[in-house]
Structure formats: structure tokens, C-alpha cells
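Asks: I have a structure here, written as C-alpha cells, and I will follow up with some questions on it.
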Amino acid sequence: MKRIIILSVFVLLGVTLSIAQQNKQVMKEQLELFKKSTTYVVMDNDPLLGYNITVKAAMEKYWKVTPFKYISSDEFESQRKDKNKSFLLLTRTTLTRDKENTDYLYINLLMGDNVEKIDDMPELLTLPLHYTGVEENSYVFKMGVMIRFVQEHAKALLASDRITQLRDLKYYNKNIKDIRQKTILIEAGDLAEEINSIEKIKAIYPYNVRIVSSAEIEKAVFAQTPNTLIAHQISPGPNDKTGRCYKMLYGVDDNKLYYYYFVKISDVRPAGFLAFDFKRFGVGL
């Protein structure tokens, strides 16, 4: 994949800083350095950008695993080779394996290292955030639970003797079996047409689901409402028929990832949560 650090989400500068298939696997010795590190949060050049505002609020309210500071993208370039520092940053990634070369935004947690390319920096996590063509107000209200999940993932890596299995976010699908005991909050726009009503959902998934507004999801994220999951769906948009569709369920009270799945959009599997997904939730697979 081609990774481009975002200097401005609106400008999306076409400066390719690195090209690789995946980041370097973080090793145990680098995790030991992470425990002692300060995490540098790379901010966009626009101080009023929604991402800047919401990631800063989330870090200051929830981040406890390391000390942290804010830096600019220019400062990141000058500091990223320091192996004693960790970095939280937003990147744009072009999925070069997909013919459409679709661009997505990812949250990255990386360790500093004396390497030439960003893609060679040791990676603790790359978390899909959104498609670059979608307005940021469609995802920034979920930033609180995403940052909490990034922190919990880092803690899981620190505690695990088998860190390789945590590299793939599908590892968290072990939590699917618990979805039926939770209430799923989902926006109407995140549902495919085949399942875009409570009646259609209940026909295959007779458990707690609510189709809600973004304001209700934001409230649940802030309140960390018990036994509640929020849906997050990433695709190029309702009029796009190509690219990837990522689907996730986050627990707002325990900060776990309960579901992670992506497909290449097609006529058979359009964008959005499908009956296929809710059938999986129902049987716990």
C-alpha cells in the first residue's frame, strides 16, 4: 500500500513519503521502549480542523498508557527516527492492490526508528478511520472510543506473549459471541438497502438494535453507555460501487472491538452492513 502522511486533510498533498505493502512488525524490545516513551500526537496544520479538536480532546481525557505531547507534521519528520519516541498520526493510504486505487484515512500508532521510510517504522496499530472523500463530521464524533481502543490495543500488546496474532484486527472477532448481549447503535446510512429498517434486521437478528442519529452515537461515546456497541462503516460513499468497505463494532463502555471485517464492494456485496453481518452477530461467528 502507498502511505502519505496528511499535512492537510482538505489539501491532501500529493507528496509520497513512503511506499510499502505493510509496516514493520513491532517487536518485544520495541514494546519495552514504548512503555517508557512519550507519545507524540501529530496535528494537522489547520488548528480548527475537526480531527485536531476531537483527537486532542480524546487524548487529554482518556490517554493514560504513556505521557504525550502534540507536534506538527514538520516536527514529526525531524523526530521520527528516535527509537525512544512513539507517534500517533493520521495517514492517507492508497490501496495499490485494488485497481481503483482508493484512498482511505488511518490512525497509526508507530514507534520511532532510524529508517528511511515511514512504512518501515515499527507499527503497534493501523486503524481504518474513513474514506478521504467523505466529510470529517461523519466520523470525528466517534474519536473518543477510537482513541480508547487504540490505548487498549497497546495495552494488549504489552501484556501478550503472542503479539503476532494482534497484528490482524480480525483477532478481535473472538468477541462476536458477545454481541447478542449488547445493544447495537447504527446510523441509517451505514446499512445496505437489503437491511435498512428495524423490521428487516429483526427478521434475521432478533436482538437489540437501534437505528439512531449521529448525535445519539456521540452521546453514547461520551457517556460510555453500558452494554452498548456503535457501528462504524467505511466506504467511498453511497454512489460509489468500487473500493473496500470496512465494518466495525466498538464497545463504548469497555473500549473493545467486537467486529472487524472488510470486503471489496460489488453488486453481490454492496457497501454498508449487510444481512450477512447480522447473521454472523446472531450465531456468534
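Asks: Taking the Cα centre of the chain as origin, sum charge times position over the Cβ atoms of Lys and Arg (+1) and Asp and Glu (-1), and report the length of that vector in debye to the nearest 20.
Replies: So the magnitude is around 940 debye.
Asks: Rounded to two decimals, what is the ratio between the C-alpha radius of gyration of segment 32-78 and 2.2 N^0.38 Å?
Replies: 1.21
Asks: Then there's this: Ordered by residue, what ³J(HN,Hα) values in Hz, to whole numbers, does segment 132-145 give under the Karplus form 6.51 cos²θ - 1.76 cosθ + 1.60, where θ = phi - 60° and Gly and Pro are x?
Replies: So the J values, rounded to whole Hz, are 5, x, 9, 4, 5, 5, 8, 9, 5, 6, 9, 4, x, 6.
Asks: How are the Cα pair distances of the chain distributed, in percent, across 10 Å bins from 0?
Replies: 6, 29, 37, 22, 6, 0
Asks: Treating cross-link reach as a plain straight distance, find the lysines whose alpha-carbon is under 20 Å from the alpha-carbon of K219, omitting any fewer than eight places away in the same chain.
Replies: The qualifying lysines are K56, K61, K142, K182, K256.
Asks: Can you run phi through the Karplus equation (6.51, -1.76, 1.60; θ = phi - 60°) for segment 215-225 and list ³J(HN,Hα) in whole Hz, with x for Gly and Pro?
Replies: Per-residue couplings from phi come out as 5, 5, 5, 4, 4, 5, 4, 5, 7, 6, 4 Hz.
Asks: Could you compute the longest span of the chain free of GluC sites (Glu not before Pro) located in DSSP loops and having at most 16 other Cβ atoms within 10 Å, not counting the site residues?
Replies: 136-285
Asks: About the Cα centre of segment 122-227, how large is the charge dipole given +1 on each Lys and Arg Cβ and -1 on each Asp and Glu Cβ? Please answer in debye to the nearest 20.
Replies: 560 debye
Asks: OK, next. Quick one: pull the percent of accessible area on segment 180-257 belonging to carbon and sulfur, 1.4 Å probe, ligands and nucleic acids left out. Please report the intermediate quantities before stating the final value.
Replies: Values: 1710 of 3610 Å².
Carbon with sulfur: 47 percent of the solvent-accessible area.
Asks: Taking segment 164-211, which chymotrypsin sites (Phe, Trp or Tyr not before Pro) meet the DSSP loop condition and have no more than 15 other C-beta atoms within 10 Å?
Replies: Values: sites: Y171, Y172, Y207; in loops: Y207.
Those satisfying the criteria are Y207.
Asks: Using a probe radius of 1.4 Å on heavy atoms only, what accessible surface per residue do you get for segment 144-261? Whole Å² is fine. Can you show the working numbers first?
Replies: On the way: 5200 Å² over 118 residues.
Normalised by residue count, the accessible surface of segment 144-261 is 44 Å².
Asks: Along the charge dipole of segment 212-285, pointing to its positive end and built from +1/-1 on Cβ of Lys, Arg, Asp and Glu, which listed residue (A223, P236, Y250) has its Cα farthest out?
Replies: Result: P236.
The values are calculated or read from the model by the stated rules, or taken from the named source; none is laboratory data. If you're wondering where the values come from, they're calculated on a predicted model, not measured in any experiment. Every residue, glycine among them, receives a Cβ derived from its backbone with ideal geometry; neighbour counts consider all protein chains shown. Surface accessibility is based on the protein's heavy atoms, side chains included, excluding ligands, DNA and RNA. Shrake-Rupley method; radii C 1.70, N 1.55, O 1.52, S 1.80 Å.
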